[in-house]
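The values are calculated or read from the model by the stated rules, or taken from the named source; none is laboratory data. From a predicted model like this one, the values you see are computed outputs, not experimental measurements. Cβ atoms come from the backbone with ideal geometry, glycine included; neighbour counts cover every protein chain shown.
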Amino acid sequence: MNLYEGMFLFDANLAGRDWPGLERHVEDLMRRNSAKLEFTERWPDRKLAYEIKGCKKGTYYLTYFHASSASIAGLERDCQLSEKVLRLLVTKDDGLEEELERRRQRQAEAHAESHPQVDAASAEAEGSGDGDVDSEGGSGASAD
């Protein structure tokens, strides 16, 4: 199984209405062609240089996946037959492993910034310890 980079292009209007459905569609295409998704990243909508199937704006969806070289032709054929996929570009390169790890790291950092986690030590200091009194004047322990 080789590592491939796939760039899907969708109509921006469809992506705005049903993004989870498009993600499931890509997962189904991959599963149907015995490919295993490793990473996905939605890119912002962009104005297309020229109309594709009547669309002037598109949403790009970057994927990294493992697949056999024989399954790529089937994936490309299925995307050409799909009414949801405007275009697909699949590439294979020696440096994809490093690029995949770099993107995973960047995505994890962005997730950590947008979802800050409470430090365990500060949570314990703010939590109910022995003898703490809550705002109601009672003890922190409850009798069940």
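Quick look at the values:
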{"quantity": "Count - residues of the range 34-77 that are farther than 16 Å from residue 92 by Cβ, out of contact with any Ser or Thr (no Cβ under 6 Å at 6 or more places or on another chain), assigned to a strand (DSSP E or B) and not hydrophobic (A, V, I, L, M, F, W, C)", "calculated": "13"}
{"quantity": "Residue satisfying condition, being of a type in the set (Lys, Arg) and closer than 19 Å to residue 78 by Cα, within set 32, 17, 46", "calculated": "32"}
{"quantity": "The listed residue being at pLDDT 90 or above, among the acidic types (Asp, Glu) and surrounded by 11 or more Cβ atoms within 10 Å (Cβ to Cβ), out of 83, 124, 76", "calculated": "76"}
{"quantity": "Test for residue 56: is it within 30 Å of residue 69 (Cα to Cα), surrounded by fewer than 16 Cβ atoms within 10 Å (Cβ to Cβ) and either among the aliphatic types (A, V, I, L, M) or in contact with a strand residue (DSSP E or B) (Cβ under 7 Å, 6 or more places away or on another chain) (or both)", "calculated": "no"}
{"quantity": "So residue 90, is it among the hydrophobic types (A, V, I, L, M, F, W, C), within 30 Å of residue 27 (Cα to Cα), at pLDDT 90 or above and touching a Gly at 6+ places or on another chain (Cβ under 6 Å)", "calculated": "yes"}
{"quantity": "Long-range neighbours under 9 Å by Cβ, at least six apart or interchain, first residue within 22 Å of residue 18 (Cα to Cα) and without any contact (Cβ under 8 Å) to a residue 12 or more places away in the chain within the range 74-94, second of a type in the set (D, E, K, R) and part of a loop (DSSP other than H, G, I, E, B)", "calculated": "83/53"}
{"quantity": "Selected residue (criterion: nearest to the chain's Cα centre (by Cα)) from residues of the range 22-53 that are closer than 17 Å to residue 86 by Cβ and loosely packed, with under 12 Cβ neighbours inside 10 Å", "calculated": "44"}
